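> Here's a structure for you.
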Amino acid sequence: RAVSLDLYLLRRYCLFVEWFKVRVLTNLLGAAERTPFDVALLDTFARASYLELDYRHEAANLERFRTELLPRLGSSVYVPRSYPAVTTRKVLATEWIEGEQLARSPPEVINRLIATGVDCFISQLLDVGFFHSDPHPGNLLVDARGRLVLIDFGLCAEIAAFDTRHLTSAIVNLM
């Protein structure tokens, strides 16, 4: 409930900010017109926050990565199994991973996994159209077999096929 109240209050504030920008900054002071984005940005954040608080959603993201991403990358990347039968809104049950944070690994391990990491995230964006949106050092591990292990799938996002094609074109043109 506290999260809902906070988001409600923030939304009311964003509505005021948008009103102020249009009525005062643009109409009264002559600032350039622009498309309001404050409420839409907060709504996107709120939607992601609610989804991240439901571990069933995270388990579904994890399984999607296992079925759609792992077959494309072979054995160099690993995503732990989830146990949906015992996962609830407040409890996520996954396979235990013994590993070290990538950022704390020896330089030779990090260097060996750079290409794997690039392949992994490019594949998410361009092939699968679904990507891990929180790839900070704590969410990237190296297991005993030397594989890059992704964890924490609470924040993932979809990218439309149309955008994927344009993104691919932009990358090819940069090369």
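> Which one is nearest to the chain's Cα centre (by Cα), of the residues in region 66-80 that are of a type outside the set (A, V, I, L, M) and closer than 12 Å to D127 by Cβ?
Out of the qualifying residues, it is E68.
> Same structure again: Among the numbered criteria (1) touching a residue at least 60 places away in the same chain (Cβ under 8 Å); (2) loosely packed, with under 12 Cβ neighbours inside 10 Å, which single criterion is violated by P106?
Of everything listed in (1) touching a residue at least 60 places away in the same chain (Cβ under 8 Å); (2) loosely packed, with under 12 Cβ neighbours inside 10 Å, P106 misses just condition (1).
> Looking at V77, V39, which is the one that is β-branched (V, I, T) and at pLDDT below 95? Reasoning before the result, please.
Working: V77 fails: at pLDDT below 95.
Every option except V39 fails the conditions.
> While we're on this one: Under 8 Å between Cβ atoms, which residue pairs at least 6 apart in sequence (or on different chains) link something in region 75-97 that is in contact (Cβ under 8 Å) with a residue 40 or more places away in the chain and more than 15 Å from F65 (Cα to Cα) with a partner that is of a type in the set (A, V, I, L, M) and assigned to a loop (DSSP other than H, G, I, E, B)?
Between residues of region 75-97 that are in contact (Cβ under 8 Å) with a residue 40 or more places away in the chain and more than 15 Å from F65 (Cα to Cα) and residues that are of a type in the set (A, V, I, L, M) and assigned to a loop (DSSP other than H, G, I, E, B), the close pairs are I97/I151.
> Filter region 126-144 down to residues that are open to solvent by 50 Å² or more (accessible area, probe 1.4 Å) and touching a residue at least 40 places away in the same chain (Cβ under 8 Å) and give me whichever is nearest to H57 (Cα to Cα).
D127
> Open to solvent by 60 Å² or more (accessible area, probe 1.4 Å), part of a helix (DSSP H, G or I) and more than 17 Å from L70 (Cβ to Cβ): does that describe I171?
It is false that I171 is open to solvent by 60 Å² or more (accessible area, probe 1.4 Å), part of a helix (DSSP H, G or I) and more than 17 Å from L70 (Cβ to Cβ).
> Hey, another quick one. Of the conditions (1) surrounded by 15 or more Cβ atoms within 10 Å (Cβ to Cβ); (2) part of a helix (DSSP H, G or I), H166 fails just one. Which one is it?
For H166, the failing item is (1).
> Considering region 81-90 alone, what residues qualify as being assigned to a loop (DSSP other than H, G, I, E, B) and loosely packed, with under 11 Cβ neighbours inside 10 Å?
R89, K90
> Just a yes or no: is a residue in region 34-48 surrounded by 13 or more Cβ atoms within 10 Å (Cβ to Cβ) and among the polar types (S, T, N, Q)?
Checked region 34-48: no residue is surrounded by 13 or more Cβ atoms within 10 Å (Cβ to Cβ) and among the polar types (S, T, N, Q).
> I'd like to verify a number: residues in region 61-120 that are touching a Cys at 6+ places or on another chain (Cβ under 7 Å) and under 15 Å from L148 (Cα atoms), how many?
Result for region 61-120: 2.
> If I go through region 110-125 residue by residue, how many of them are more than 25 Å from D54 (Cα to Cα) and surrounded by 14 or more Cβ atoms within 10 Å (Cβ to Cβ)?
Filtering region 110-125 for residues more than 25 Å from D54 (Cα to Cα) gives 110-120, 122-123.
Filter again for surrounded by 14 or more Cβ atoms within 10 Å (Cβ to Cβ), leaving 110, 112-113, 116-117, 119-120, 122-123.
Qualifying residue count for the region: 9.
> Exactly one of these conditions fails for F45: (1) among the aromatic types (F, W, Y); (2) under 15 Å from the mean Cα position of the chain (by Cα); (3) closer than 27 Å to R147 by Cβ. Give me its number.
With (1) among the aromatic types (F, W, Y); (2) under 15 Å from the mean Cα position of the chain (by Cα); (3) closer than 27 Å to R147 by Cβ applied to F45, the lone miss is (3).
The values are calculated or read from the model by the stated rules, or taken from the named source; none is laboratory data. Because the structure is predicted, anything quoted here is derived from the model rather than measured. As a convention, Cβ positions derive from the backbone with ideal geometry for all residues, glycine included, and neighbour counts pool all protein chains shown. Ligands, DNA and RNA are stripped out before the accessible areas are found, and what is left, the full protein with its side chains, is counted by its heavy atoms. Shrake-Rupley method; radii C 1.70, N 1.55, O 1.52, S 1.80 Å.
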